[in-house]
Amino acid sequence: MANFFCRRVALAVIAAALWAAIPLHPARAITEMFTSLTVDKERQLGEEFLLQMQQYMPTLEEPFLTSYINRLGQRLVAQLGPQPFKYRFFIINDPSMNAFAVPGGYVFITSGMIRRMDREGELAGVLAHEISHIYARHMSKQLEKAKIANLASIAGALAGIFLGVPGLSEGLMVGSAALGASSMLKYSRDFEREADGLGFKWMLKAGYDPRDMLSVFKKMSKQRWFEGSDMPIYLSTHPDINERLVDLSHQLSMHQEKLPAQGGQSGPDFPYFAIKMEAVCGNPHQLLRRVNQDLARDSKNAPAAYGRALAMARLELGNETVAAFQQALKLAPHNTMIQRDLGIFYFSRNRYPEAEQILEQLSRANPQDDVILYYLGRIYQERRQNDKALPLFEKVHNLNPVFFDVYYNLGTLYGEKGQLGPAHYYLGFHSLKAKDYPTALFHFRKALQNLSAGDSRKAEMQRQVARLEKMRVRVPKN
C-alpha cells in the first residue's frame, strides 16, 4: 500500500509539473486548436504529451525491447491501410498494469503490463486495442466534445486519466465550462466496443489469435479480484470489463471458421523478449534463481539458459557470462537473440574482434535488425571507420525512429564530416530526449541556419524551435 501511495503522490507531482510547463498566454490559438482537431494538431498534441511525460515517467531505451515492441506494433498497423501519421510504441518502466494511446500515433504500455503476458498474442491484443483508439479518433472526438479551453487542462486531464490520478485533472481545469471535462474524456462503452472490434479485426488479419485478447481481459479481471479496491489503472481507464468479455466471446463464436490454430502466428521471439524484460526491469538475483530452477527441471530450456546469461551480465560476472551465453547457444545454436547479446556483451568489454565477427555474420542474415546494425556501427565508429558506420546508423534510424541512442552517433559523425545541418539536427533530438532543452534549442536553431532551403528537415526544425520557445526555454549566453 505504501508503494501505491508513493506512486499516486509522484503522479500528482507529474501532472502539476505538466500544468506548470504549459505556456499561459496563447489562449486564442489554443481555443482554435480544439475548434477542429486536425491531423496536424493531433500529431502536435501527441508530441507535446510525450515531451512532457518523459520528464517524469522513464521510457525504456534498451534497443532490443524497443525494437521488438515497435516491430510488433508495426505488424498490426500494417493491417490498417494508409495512415496520416507514423505510429510509435513506447515501454514505460513502471510496475503498474497500464497501456494507453494519445492522438498522433503514440502508444504506451508499462513494463508491469508486459511482464504479466504469457504469449505474444496477448501483447498484440493490448496493442491492437490501443491502436484502434487512435485509428477511430476516440480521444480526439472526446476532446472536441469536452471543448476544453486550454492546453493546461488537456495535459492535466490526460495525466489524471492515463496515469491514474483521480480528481487531479478537475483541479487543473480552467473555467466553469471545463468543469467535469476529464470524466468526459474517459472512453464510452461504444468507443470501447468499437476498439475491441477493430482490434479483433487487426489481430485476425495479422495472423494472431483473437482469443489472446480475451485472455488478457480475463487476466486483468482476476487481478482486480486479487487486489481488491486497488484496481489496475488499465481497468479504470477502460471500464465495463465484464460486458466487454461477453462481447468478445460473442465475436469469437461468430468467427470460429476464421480463427487460426490455437496460438496463431505467435513468433518464437516472445519467450526471449519476456526474459529480456525481466533482466532489464527485474532483480538479477531473483532472475538467476528462477532460471536456475527452470533449468534444474529442464536442462534443455534455451530461454532459461539465455536468462541466466543475461542475469550474469547484469551481475558483471565476466567470463562466467560468456560461458553462460555459449551454453545457451549449444541449446539453440541458430538463435539470433542469443548470438546478438553475446556480441553486445563482447562489445561492452571492448572485445571488438569477437563482437565484430558475430555481428557482421548476423547482419548478413538479418539486414533489417536495427540492434545488430547499431552495434556493428558502434564498432566501426570506435575504429574510426566512419564511412562504414554512418550508413548503418542512418538505416537504424529509418528502421526504428524511436531508437534514440542512434541520434548521438549520427550527430557526432555528421559533425566530423563538417555537415553541420544534419549534425545539429540529430544532436538536437538527442538533447531533447535527454531533457536538456536549452541545448536542444541551441542545436535546432543551428540546424535551421545550416540546412539547405530544400531540406525536408527544415520544417521539422522550425516546429521544434517554436515548441521549445513556447515552453520558455532559454539558451544560456556564453
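Could you work out the relative contact order of the stretch 407-464, using alpha carbon pairs under 8 angstrom and six or more residues apart, expressed as a whole percent? Present the calculation step by step, with values, prior to reporting the outcome.
Values: 75 pairs, mean separation 16.9, N = 58.
Here the relative contact order equals 29 percent.
With Rg and the Kirkwood Rh both taken from Cα atoms, where does Rg over Rh land for the stretch 270-470? Spell out each step's value before the answer.
Numbers: Rg = 20.1 Å, Rh = 18.7 Å.
Over the Cα atoms of the stretch 270-470, Rg/Rh equals 1.07.
Select from the stretch 277-340 those trypsin sites (Lys or Arg not before Pro) which occupy a DSSP coil region and have at most 10 other Cβ atoms within 10 Å, ordered by residue number. Intermediate values should be presented prior to the final figure.
Numbers: sites: Arg289, Arg290, Arg297, Lys300, Arg308, Arg314, Lys330, Arg340; in loops: Lys300.
Passing sites in the stretch 277-340 are Lys300.
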Distance between Cα centroids, the stretch 379-404 to the stretch 71-144: provide it in whole Å. 28
Between the modelled labels at Arg116 and Lys219 (7 Å from Cα along Cα→Cβ) the distance in nm is 0.9
For the stretch 270-470 the mean separation of alpha carbon contacts under 8 Å (6+ apart) over residue count, i.e. relative contact order in percent, is 9
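First select every other residue whose beta carbon is under 11 angstrom from the beta carbon of Val402; then total the charges, Lys and Arg +1, Asp and Glu -1. Can you show the working numbers first?
Values: positive: Lys86, Arg88, Lys433; negative: Glu61, Asp370, Asp405.
Neighbour charge sum, excluding Val402 itself: 0.
Let me know the charge dipole size of the stretch 270-387 about its Cα centre in debye, to the nearest 20, where only the beta-carbon of Lys, Arg (+1) and Asp, Glu (-1) is charged.
On the way: 15 positive and 13 negative charges, 56 e Å.
In total the dipole reaches around 260 debye.
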Treating only the Cβ of Lys, Arg, Asp and Glu as charged (+1, +1, -1, -1), what charge dipole size does the stretch 366-478 show about its Cα centre? Round to the nearest 20 debye. 560
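Could you tell me which chymotrypsin sites (Phe, Trp or Tyr not before Pro) in the stretch 348-422 are loop residues by DSSP with no more than 13 other beta carbons within 10 angstrom of their beta carbon?
Listed in order of number, the matching sites amount to none.
All of the numbers you see were taken from the coordinates with simple rules; none came from a lab. Computed from a predicted model, the values in this text were never measured in an experiment. Virtual Cβ from ideal backbone geometry, glycine too; neighbours counted across all protein chains shown.
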